[in-house]
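Comments concern the structure below.
The values are calculated or read from the model by the stated rules, or taken from the named source; none is laboratory data. Keep in mind the model is a prediction, meaning the values are calculated, not measured. Every residue, glycine as well, gets a Cβ built from its backbone with ideal geometry; the counts of neighbours run over all protein chains shown. Each accessible area value is taken on the protein alone, full model and side chains, heavy atoms only, with ligands, DNA and RNA left out. Shrake-Rupley method; radii C 1.70, N 1.55, O 1.52, S 1.80 Å.
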Amino acid sequence: MVMVITGAAGFIGSNLVKALNQHGETSILAVDNLETPGKFLNLADCTVVNYMDKREFIEQVEADALDFEIEAVLHQGACSDTMEHDGRYMMDNNFRFSRSLFYFCQAREIPLIYASSAAVYGDSAVFREHPACERPLNVYGYSKLAFDQFLRPYLARDELTAPCVGLRYFNVYGDREQHKERMASVAYHFFHQYRTHGCIRLFEGCDGYAHGEQRRDFISVEDVVRVNLWLLDHPEVSGIFNVGTGRSRPFNQMAVATINALRRSESTLTLEEMIKQELIEYIAFPDALKGKYQSYTEADMSQLRSVGYHAPFLDVEEGIARYMEALMVRYPA
């Protein structure tokens, strides 16, 4: 039997492959599209039993032509570009493919864990897994919400033949995201800004927030992986769950954690000291993002906690410090 991971060469997918390898699991079918230059590097230090292009995989799923036994599917593959405006392309990748995979898995009683997104909440002030809180600001957020809505009646009627779990990832940062370029986490961009310019640039205030005080629920990919692996070990769980830390953090705090981690042996600085030394600068908020930007997110984690996931999450200082160490190895000075 094999474990199928879609988006296996992507950010979260490759971290899942690596973690499964570390747990002794190598019977993995990696599904992805490797047309993006350098994306294969995320799998170069991993072991998989087979690779399949995502288009071939979709075709075989929809034609019922896969001829091997599958233990579970970790569906991480998607178009994750929040600035993509082609709704047909987005829905084809993020909704139709997921729906086909759902039908396939249910027909064969195969557990399915798929990536949803906190983008479903849009400009909501409450981030709870409930329709009243869901207000996507872009077609990416809607494409993720559409599949969550498709799943809900099956959950409500208890009609699933195998576990199905949707994970609404909040702002994930961590190693193996370099191929995402402009869509990589702010932590990744902060690292390169500081290395290149000696300072980090943050947005000026907007939506009632002071400079750099817009807040997000930043979660390490290490924690995201732990949640996925826990769910593999708990097939009694189905549902749609937030995956964040449950605590929002300002961008200023992320910048401070990044700079202090990169200064290493030097003394720890406060935000005020960094601003005074021009290590943090503020730039005008882009017109292109006005009305499409989440200035605040904070996951309500009560649903995931209620089904038994009680592990703590890395705080920003520890998570960023670990990530900066990984980036310094990947990009030696």
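The table for this structure:
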{"quantity": "Low-density loop positions, trypsin sites (Lys or Arg not before Pro), region 190-247 - DSSP coil, at most 16 other Cβ in 10 Å", "calculated": "Arg247"}
{"quantity": "Principal-axis tilt of helix 97-108 within the chain, Cα atoms, nearest 10 degrees", "calculated": "40 degrees"}
{"quantity": "Percent of alpha-carbon pairs separated by more than 18 Å within region 133-178", "calculated": "46 percent"}
{"quantity": "Cut-off under 5 Å, modelled amide H: who pairs with Ser124 long-range", "calculated": "Arg135"}
{"quantity": "For Arg216, distant residues with modelled amide H under 5 Å away", "calculated": "Arg249, Phe251, Thr297"}
{"quantity": "Over the chain, relative contact order from alpha-carbon pairs under 8 Å, at least 6 apart, %", "calculated": "17 percent"}
{"quantity": "Whole-Hz couplings from phi, Karplus 6.51/-1.76/1.60, listed for region 59-70; x for Gly and Pro", "calculated": "4, 6, 5, 6, 8, 6, 10, 6, 10, 9, 7, 10"}
{"quantity": "10 Å-binned pair-distance histogram of the chain (Cα, whole percent)", "calculated": "5, 26, 35, 24, 9, 2, 0"}
{"quantity": "Whole-number D in µm² s⁻¹ for region 1-139, Kirkwood Cα-pair radius fed into Stokes-Einstein, 10 °C, 1.306 mPa s", "calculated": "99 µm²/s"}
{"quantity": "Globularity ratio of region 128-281, using Cα Rg and 2.2 N^0.38 Å", "calculated": "1.27"}
{"quantity": "Segment Ala333-Glu317, length gained on full extension (0.36 nm per residue, minus Cα span)", "calculated": "3.6 nm"}
{"quantity": "Region 1-91: relative contact order as a whole-number percent, Cα under 8 Å and 6+ apart", "calculated": "39 percent"}
{"quantity": "Efficiency of FRET between Glu325 and Arg201 - r from beta-carbon atoms, R0 25 angstrom, step 0.05", "calculated": "0.65"}
{"quantity": "Helix 251-263 vs. the chain, principal-axis angle (Cα, 0 to 90°, nearest 10)", "calculated": "80 degrees"}
{"quantity": "For region 222-270, convex hull of alpha carbons as volume per residue, Å³", "calculated": "98 Å³"}
{"quantity": "Theoretical ellipticity at 222 nm over the chain - DSSP helices of four or more residues, -39500 (n - 2.57) apiece, nearest 500", "calculated": "-11000 deg cm²/dmol"}
{"quantity": "Rounded, prolate or oblate (a/c below 1.5 giving rounded, otherwise prolate when a/b exceeds b/c) for region 20-86 by Cα gyration tensor", "calculated": "oblate"}
{"quantity": "Accessible-area order (highest first, 1.4 angstrom probe) of the listed residues Ser100, Ser267, Ser238", "calculated": "Ser267, Ser238, Ser100"}
{"quantity": "Convex hull volume per residue in cubic angstrom - Cα atoms of region 1-47", "calculated": "56 Å³"}
{"quantity": "Mean-position separation - Cα centroids, region 264-283 and region 290-333, in angstrom", "calculated": "22 Å"}
{"quantity": "With DNA, RNA and ligands ignored, accessible area of Glu181 (1.4 Å probe; Å², nearest 10)", "calculated": "130 Å²"}
{"quantity": "Cα Rg, Dmax (largest Cα-Cα span) when computed across region 192-276, Å", "calculated": "17.2, 53"}
{"quantity": "Segments 56-65, 205-214 sorted - mean Cβ within 10 Å per residue, highest first", "calculated": "205-214, 56-65"}
{"quantity": "Met183 versus Asn33: modelled label distance in nm, points set 7 Å from Cα along the beta carbon direction", "calculated": "1.0 nm"}
{"quantity": "Residues Lys276 and His23, FRET efficiency given R0 of 41 Å [Cβ-Cβ distance, rounded to 0.05]", "calculated": "0.30"}
{"quantity": "Using θ = phi - 60° and Karplus 6.51 cos²θ - 1.76 cosθ + 1.60, couplings along region 146-152 (whole Hz; Gly, Pro as x)", "calculated": "4, 6, 4, 5, 4, 6, 3"}
{"quantity": "Cut-off 11 Å (backbone N to label point 7 Å along Cα→Cβ of Tyr154), residues of region 231-251", "calculated": "239"}
{"quantity": "Choice from Ile110, Ile219, Ile12 with maximal GNM fluctuation in the chain (Cα, 10 Å cutoff)", "calculated": "Ile110"}
{"quantity": "Accessible surface ranking that places the most exposed of Thr26, Thr268, Thr245 first, with a 1.4 angstrom probe", "calculated": "Thr268, Thr26, Thr245"}
{"quantity": "Two-site label geometry, Arg263 and Ala63: point separation in nm, points 7 Å out along Cα→Cβ", "calculated": "6.0 nm"}
{"quantity": "Built amide H within the under 5 Å cut-off of Tyr282, gap 5+", "calculated": "Leu202"}
{"quantity": "Extreme residue, positive dipole direction of the chain, given options His192, Thr36, Val17 (C-beta unit charges)", "calculated": "His192"}
